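In what follows, a single structure is set out as structure tokens and then discussed.
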Amino acid sequence: MAALLGTLLLAASARAEERREMVFIAATNHTMPLASFADGKLSGGLLKELGEAIARRTGRQARFVSVPPRRVASTLAEGGADAVCYVLPEWLDGNFNWSAPLIPDAGVVVARADAPLVKQLSQLEGRPVGTVAGYHYAALSRTLGARFRRDDAPSMEHNIRKLLLGRMQYAVLEKTTFAYLQRKQPGLGLRADLEFDPFKAQCAFSLRSQIDIAEADRAIASLLRDGDIERVLAHYR
């Protein structure tokens with residue numbers, strides 16, 4: 001009887017511990033400043049700090065699960081995690097609860113130094129453009145249609161390597177990512193030709209999450225109000 005009681009208490013304790021967690025998806029196609037990975041696990045970056053801050057405001061501990069980009073929506077829909085941040089409704093297929101916009105960013109056309117200057121998206125028509133597998137590029141798709149020649153790579157970091165190796169002349173990155181890269185490696189010889197499609201990324205919460213969306217909204221609203229989101233972003237600017 002004592003052994004059975006001990007087992008039940010351990011199980012109850014484990015369930016209570018799970019309830020004190022907030023589980024975030026870390027999409028493996030992200031690179032710094034959004035995310036860094038070590039042995040397949042999220043080890044640093046803006047999204048780690050943000051997730052920890054949100055969880056902390058709800059009295060929980062953040063836990064992160066690494067997920068390939070093509071499985072992000074299905075993992076969230078199936079309840080494999082509570083939330084994923086740095087997304088927009090048009091990027092994820094499925095029904096989710098959405099936070100307020102909180103991470104400002106934009107797309108940027110990055111070019112090799114020897115590439116012709118791009119002043120508008122239409123100039124990329126028919127040219128190979130470095131893109132990330134699983135990413136949606138709405139502005140490029142609208143502008144170029146069938147003449148949008150994606151050259152997919154597993155991550156933004158891979159696209160930078162392809163640019164440097166001369167395998168293509170242009171790639172599309174987030175402004176935040178390219179600015180971070182330029183600060184860390186200013187001698188790469190790459191330039192930002194065109195900024196486009198500004199947005200404010202959000203967090204999506206699973207409908208199967210046991211975390212009340214109103215509670216998550218209050219946590220995020222308090223982080224925005226107190227300036228904590230801006231302080232997290234400032235670490236990577």
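Within the range 198-207, does at least one residue satisfy the condition of being exposed (fewer than 15 other Cβ atoms within 10 Å of the Cβ) and at positive phi? Checked against the condition, which is being exposed (fewer than 15 other Cβ atoms within 10 Å of the Cβ) and at positive phi, the range 198-207 yields no hits at all. Collect the residues in the range 31-46 that are open to solvent by 20 Å² or more (accessible area, probe 1.4 Å) and on the phi < 0 side of the Ramachandran plot, keeping them in residue-number order. Result: 31, 32, 36, 37, 38, 41, 42, 43.
Would you check if residue 31 is of a type outside the set (A, V, I, L, M, F, W, C), at pLDDT 95 or above and under 20 Å from residue 87 (Cβ atoms)?
Details: of a type outside the set (A, V, I, L, M, F, W, C): yes; at pLDDT 95 or above: no; under 20 Å from residue 87 (Cβ atoms): yes.
No; evaluated as a whole, the condition is false for this residue.
Being touching a Gly at 6+ places or on another chain (Cβ under 6 Å) and within 25 Å of residue 152 (Cβ to Cβ) is a condition met by at least one residue of the range 102-118. Checked against (1) closer than 22 Å to residue 160 by Cα; (2) open to solvent by 60 Å² or more (accessible area, probe 1.4 Å); (3) of a type outside the set (Lys, Arg), residue 101 passes all but a single condition, namely (1). In the range 117-138, the residue that is modelled with the lowest pLDDT out of those that are in a helix (DSSP H, G or I) and touching a helix residue (DSSP H, G or I) at 6+ places or on another chain (Cβ under 8 Å) is 138.
Which of the residues belonging to the range 93-109 are touching a strand residue (DSSP E or B) at 6+ places or on another chain (Cβ under 6 Å) and part of a loop (DSSP other than H, G, I, E, B)? Write out each step before concluding.
Our first condition is that a residue be touching a strand residue (DSSP E or B) at 6+ places or on another chain (Cβ under 6 Å); within the range 93-109, this holds for 96-99, 101, 103-109.
Listed by number, the residues that qualify are 96, 99, 101.
Applying the criterion of being in a loop (DSSP other than H, G, I, E, B) and of a type in the set (A, V, I, L, M) to the residues of the range 67-92, the residue that is nearest to residue 211 (Cα to Cα) is 81. Residue count for the range 190-219 satisfying the condition of being over 22 Å from the mean Cα position of the chain (by Cα) and under 16 Å from residue 108 (Cα atoms): 3. Does residue 62 count as among the hydrophobic types (A, V, I, L, M, F, W, C), surrounded by 21 or more Cβ atoms within 10 Å (Cβ to Cβ) and more than 15 Å from the chain's Cα centre (by Cα)? The answer is yes for residue 62.
Please determine, by comparing only the residues of the range 121-134 that are out of contact with any strand residue (DSSP E or B) (no Cβ under 7 Å at 6 or more places or on another chain) and in contact (Cβ under 8 Å) with a residue 12 or more places away in the chain, which one is surrounded by the fewest Cβ atoms within 10 Å (Cβ to Cβ). Checking each candidate, the answer is 122.
If the condition is being more than 17 Å from residue 45 (Cα to Cα) and either aromatic (Phe, Trp, Tyr) or open to solvent by 60 Å² or more (accessible area, probe 1.4 Å) (or both), then the range 165-184 contributes 165, 167, 169, 170.
When the range 139-160 is limited to residues that are in a loop (DSSP other than H, G, I, E, B) and under 20 Å from residue 68 (Cα atoms), the one that is least open to solvent (accessible area, probe 1.4 Å) turns out to be 155.
The values are calculated or read from the model by the stated rules, or taken from the named source; none is laboratory data. Quick caveat: nothing in here was measured; it's all calculated off a predicted structure. Quick reminder, even Gly has a Cβ in these numbers, built from the backbone with ideal geometry, and neighbours come from all protein chains shown. Side chains are part of the model used for accessible areas, which takes the heavy atoms of the whole protein and leaves out ligands, DNA and RNA. Shrake-Rupley method; radii C 1.70, N 1.55, O 1.52, S 1.80 Å.
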